[in-house]
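All remarks here apply to the structure that follows.
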Amino acid sequence: MDASDLLRNSLLQLSKQEAVRDVIQKAPVSRSVVKRFVPGAAHADAVRAAAEMAATGRMATIDYLGEDTTDVARAKQTKDAYLQLLTALRDEGLTETGTAEVSLKLSALGQALPGDGNSIALEHAREICTLADLAGTTVTLDMEDHTTTDLTLEALRELRSDFPSVGAVLQSYLRRTEADCRDLATAGSRVRLCKGAYKEPESVAFQSGADVDKSYVRCLKVLMQGEGYPMVATHDPRLVEIAGALAAQAGRAATSFEYQMLYGIRPDEQRRISDRGDRMRVYIPYGQEWYGYLMRRMAEKPANVMFFVRGLATRG
């Protein structure tokens, strides 16, 4: 394991430590620095960011931050937040032809609740999908740690029976993902392929960055050669280039797949890809629960750590 892998694992551990979270959240500079990655706490902030993307030819998928909800009222509040967001996006004309969609974490909608958690989360997701469909856009189910993969894919199948355009997320660091790609590379299927951002055991996940990248390319080949709609979620210039080459080899039109990057990361590259005629969607998170998201972004790209540390050192 090299230094970058060690740093990544350390950051993923920090994402779960409440004492560290409290220190960082209370630091006066934190919120101003975090604004690079999270446009704000209210749905109006997310709508504004999506409008900015649309003005430069980019699309958006929006995530209301929060996960591992163990309170029924909180799960309902998260569902209601998505309904308010979709209504605001529709009113701003941002849901037409899928310019802006939403990304959901089932654990935020109640999946972890005791007893009927799965059915509660599914019903909440169904309400969100219904409004998204009426507004002219769609939904993507975010993937979380490996213990929820089967439940998430089961929910995906349920939702697609009524809403065929619901998207899935697969993570190349999981050893099972190449097989999951084969299962989902079907006509009408939307699949976002990312590397993965949770601490996982070696028994289920590749541990080195090189192995994760190799898996990403294998999975991407399956998706590009399939009949679905691949969503290439990466900031790695090498993987972006490989994705373009694989799409060309498969004879894909520029409208038959898209690239995805995170809000605040490589914005110039986002615009460059969009300007050359390819589809670019930006993942926009919003809300108060930004700490876990931030730590995972640091883990995915350790260079982001220096951005945050410089901010703490120069603005305190």
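Where a number appears in this text, it was derived from the coordinates with a stated rule and is not lab data. Everything numeric here is computed off the predicted structure, so don't read it as measured data. For neighbour counting, all protein chains shown are included, and Cβ atoms are generated from backbone atoms with ideal geometry for every residue, glycine included.
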Amide H neighbours of residue 283 under 5 Å, counting only residues 5+ apart in sequence or on other chains, H built in-plane at 1.01 Å?
-> 61, 261, 262, 263
Net charge (Lys, Arg +1; Asp, Glu -1) of residues whose beta-carbon lies under 9 Å from that of residue 153, residue 153 excluded, is -3
Note, segment 163-170: 3J(HN,Hα) by Karplus (6.51, -1.76, 1.60, θ = phi - 60°), whole Hz, Gly/Pro = x, goes 10, x, 8, 4, x, 10, 10, 10
For segment 185-283: rounded, prolate or oblate by the Cα gyration tensor [a/c cutoff 1.5] = oblate
Please work out whether segment 117-164 counts as rounded, prolate or oblate from its C-alpha gyration tensor, where a ≥ b ≥ c are the square roots of the eigenvalues and a/c under 1.5 means rounded, while otherwise a/b larger than b/c means prolate and anything else oblate?
-> prolate
What is the set of long-range amide H partners of residue 42 at a cut-off below 5 Å, with H atoms built 1.01 Å from backbone N?
-> 287
Where does segment 38-127 land on Rg/Rh, using Cα atoms and the Kirkwood Rh?
-> 1.02
For segment 277-292, take each phi angle, set θ = phi - 60°, evaluate the Karplus expression 6.51 cos²θ - 1.76 cosθ + 1.60, and give the result in whole Hz per residue in order, putting x for glycine and proline.
-> x, 8, 7, 10, 10, 10, 7, 10, x, 8, x, 7, 8, 8, 5, x
Quick one: go through segment 272-296 and flag any residue whose amide nitrogen is under 12 Å from the point 7 Å out along the Cα-to-Cβ line of residue 45.
-> 285-291
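If a/c stays under 1.5 just call it rounded; otherwise compare a/b with b/c (prolate if a/b is bigger, oblate if not). Do that for segment 70-122, with a ≥ b ≥ c from the square roots of the Cα gyration tensor eigenvalues.
Note, shape of segment 70-122 comes out prolate.
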Starting from the Cα gyration tensor of segment 101-258, multiply each eigenvalue by 5, take the square root, and state the resulting semi-axes largest first in whole Å.
-> 26, 20, 12
Between segment 112-157 and segment 43-90, the alpha-carbon center distance in angstrom = 15 Å
